[in-house]
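*Asks:* Questions regarding the structure given below will be posed in turn.
The values are calculated or read from the model by the stated rules, or taken from the named source; none is laboratory data. Quick caveat, the model's predicted, so the values are computed rather than measured. Backbone-built Cβ (ideal geometry, glycine too); neighbour counts: all protein chains shown. The accessibility values were calculated without ligands, DNA or RNA, using every heavy atom of the protein model including side chains. Shrake-Rupley method; radii C 1.70, N 1.55, O 1.52, S 1.80 Å.
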Amino acid sequence: MLKYYKSQLATLDKFLLDMNMRSSLMLFSFVGIIGAAFWLREANVFRSNDPNPQKDAMLMQAVLTGLTRYHFQPKQVNDDFSKSVYNLYLKDVDANKRFLTQSDIDQLKPFELMLDDQAKSSSFEFFDMSVKMLDASLVKSQTWYREILAKPLDFNKAGQLEVEGKKLSWAKNDTELRQRWESWMKYEVLSRVTDEQAKQDKADFKGDKKSFETLEEEQRKKVLDTYDKWYKRLQKLDRDRRLEQYLTSFTNVFDPHSGYFSPKDKESFDIQMSGKLEGIGARLMTEGEKTIVSEIVVGGPAWKQGGLEAKDVILKVAQGDKEVEPTDIMGWDIDDVVSKVRGSKGTKVTLTIQKPDGTERMLTIVRDVVIMEEGLAKSLILNTTESAQDKIGLIYLSKFYADFTAQGSTSCAADVAKEVEKLKKENVKGIILDLRGNGGGSLRDVVTMSGLFIEQGPIVQVKSRDRKPEILADNDSRVQWGGPMIVMVNSYSASASEILAAALQDYKRAVIVGSNATYGKGTVQRFVDLDNFSGSAEVSPLGDMKLTIQKFYRVSGKTTQLDGVVPDIILPDFYNEIERGERENDYPLESNTIDAVPYSQQTYQVNDLDKLKSASNTRVNVDPTFKKITDNSLRLRKQRENTLYPLQLEEYRKWNKSQDEEAEQFENMFKPIDGFVVSNIADDLAVMQADTARLARNTDWIKDRKKDIQLFETMRIMQDMIRLDGVALKK
């Protein structure tokens, strides 16, 4: 992938932050699933299909009804609102200004203050015009990049590429827009050629060294192939997908976490949220025109039955075991293949597969519930070679997952409780709950999970529109773990993670350790079935809308909205020097404070926080790895601000060399830490021995933990807590 997108990953991260709970109003409610997904905004350019005026009208009216009736902070749908939708939609469809020209914008500009009126009257004149423009641009831009890449590029001319769309004006005309495409293609090819030359210049390079001209030709062909594949995917997508984006522009003006979900998107979200699906238990990937099995899910139907293996190619799919003509899926989009293979528990699907040796066979699999185990809570034992007897428990939770179906087969709160019991049997002296990168999830489960560590009491205040705050409390006096505790967070920890960290911090029940602050999402969403607003079975299913219907507040009355949770002990992090989180979104809700509620707990009180902080700071300040992390954070901030890239060969080489030299200082900075012992619970390891794939994933996970300097320092903070507690007891 492009160096630019690697270096600017912090700029392009997108987050899905939601939460789940029963409601008479709608199906679920959430406090956040954060999934940092790398993507290009331009990839949302789609071709048209025939519109369904009745369905489109019903869909727009349903979205407006849901927003005005249920959103936590409704807005007037007026000219100001129209202008905001207009700007946000254009930003989303052409963030880097590579498709539309000023001439296109001039034609769209008269609609800037009319989108509210068009929405109310179910007119899509602006939207349809924009789709036609984007379709036309898709055709001409493909012609351009193919023409540009058809012959050697001239890298002798001075030039620069501005990669940040916000700093660009719209191209005046097609001539200027084509020049931008030429600059992008030159950068694409030049960056790849330079990388290949750098490989050839290394002392350990084996093989024949190629000339610049040869490398340039090879890389042009590779860039062409990359873009052709991208455009082929775009050309398979239709007007309905573009309409989803247009509707989401309306919801996102209310706040960044409200959005429209098509039926297919909602199904995918539910799978992600629950950590389970009904299907065959195989991960698929696209390789050219082929659909390849990348992995078999341990414990799933395909794994139990046998016969289907990683690297098998799926050629055809038939429903049941008696369908006469199976469907040839060669060249299909991966989402369409998954939809055809996935199905209800107990049903059959027959696959025609090709083995790596070229042989073909048909395989019928009975679908079943598949649990995605790698996303579930899991634990390890931490200690050092110097104090092997002082075991510390680690529980890692990637999201607050929950299954809200009648079966209720997954619950992160129940799973964490099980991990706590396993660690207690190992006689650990403290527990670290790692919520780094955890974007949240089930509100119900975060309240229950917080209650594992206190006797009982309020966990979070949830305020609905025009109502007094509701206090969600742990009413169970039992305490599953009453010893020393640390919660690890970072800037990707959001929503439910922030609720738990904030509650345990306010109660002084745990020390919070991490980066400058958490994400800062203090809002609650629920899904609304839009069919409830249509009144017409002819146009269903319309899909769902995720709506922000509440804000949550700490028991102290403070909000995490925008502000996040500031850890008690801050450790160096790659992103500490870069502003991230909710504040970077368009139209976030404001930060405010409400009254506190009475809260207290006697289970365990964090003492000597200043001593813990001082001891940690002393270690961190002299640790060379932490010094490198801080220096790299400063480097990433500088890179983020630098959005002009040279396109002249020698200038690019000089610039690229300086970038590489800076980056080389931070390569391989994480190595196994001397004396850091990371191991599985014995019972867990015994279960893993039955499957080599699961065992291999576990081995890699443990290797990464042994290099985790933040985790190591957190363990040392825990050791300090245990030591200080011991001193206090002696007194």
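*Asks:* Which entries in the list Lys83/Lys546; Lys75/Lys109; Lys232/Lys340; Lys627/Lys671; Lys304/Lys378; Lys206/Lys627 go over 26 Å, if you measure between the two C-alpha atoms of each?
*Replies:* Lys206/Lys627
*Asks:* Now for a different question. List the pairs from Lys229/Lys264; Lys157/Lys229; Lys97/Lys167; Lys186/Lys654; Lys199/Lys229 whose alpha-carbon separation is above 21 Å, in the order I gave them.
*Replies:* Pairs exceeding the cut-off: Lys229/Lys264; Lys157/Lys229; Lys199/Lys229.
*Asks:* Here's another thing I want to ask about it. What aspartates and glutamates does Lys638 reach when the alpha-carbon gap must be under 15 Å and sequence neighbours fewer than 8 apart in one chain are set aside?
*Replies:* Glu164, Glu577, Glu579, Asp660, Glu661, Glu662
*Asks:* Quick query: amide H of Phe400 versus all other amide H atoms, modeled in the peptide plane; which residues come in under 5 Å with a sequence gap of 5 or more or a different chain?
*Replies:* Distant-sequence amide H within range of Phe400: Gly440, Gly441, Ser442.
*Asks:* If you restrict to DSSP beta bridges whose two residues both lie in the chain, what percentage is antiparallel, to the nearest 5?
*Replies:* Once the DSSP bridges in the chain are tallied, antiparallel ones form about 75 percent.
*Asks:* Can you find, among Ser398, Leu138, Leu284, the residue sitting farthest towards the positive end of the charge dipole of the chain, where Lys and Arg contribute +1 and Asp and Glu -1 at Cβ?
*Replies:* Farthest along the dipole direction, towards plus: Ser398.
*Asks:* Separate question: Please state, rounded to one decimal and in Å, the Kirkwood hydrodynamic radius that segment 57-190 gives when every pair of distinct Cα atoms enters the mean of 1/r.
*Replies:* Across segment 57-190, the inverse of the average 1/r is 17.0 Å.
*Asks:* At a 1.4 Å probe radius, carbon and sulfur cover how many percent of the accessible area of the chain?
*Replies:* Carbon with sulfur: 49 percent of the solvent-accessible area.
*Asks:* So which aspartates and glutamates can Lys290 reach, going by Cα to Cα under 14 Å and dropping same-chain residues fewer than 8 places off?
*Replies:* Partners within reach: Asp312, Asp328, Asp333, Asp335, Asp336.
*Asks:* Hey, another quick one. With a probe of 1.4 Å, find how much accessible area segment 382-509 has per residue, and write the answer as a whole number in Å².
*Replies:* 34
*Asks:* Just give me a number: lysine pairs in segment 387-526, eight or more positions apart or cross-chain, with C-alpha atoms less than 28 Å apart.
*Replies:* Taking segment 387-526 as the scope, the lysine pair count is 26.
*Asks:* At a probe size of 1.4 Å, how large is the accessible area of Ser398, to the nearest 10 Å²?
*Replies:* 40
*Asks:* I'd like the antiparallel share, as a percent to the nearest 5, of DSSP beta bridges with both residues in segment 398-541.
*Replies:* 40
*Asks:* Quote the accessible area belonging to Arg233 in square angstrom, nearest 10, computed with a 1.4 Å probe and with ligands, DNA and RNA left uncounted.
*Replies:* 130
*Asks:* Specify the inter-centroid distance of segment 483-513 and segment 540-607, based on alpha-carbon positions, in whole Å.
*Replies:* 11
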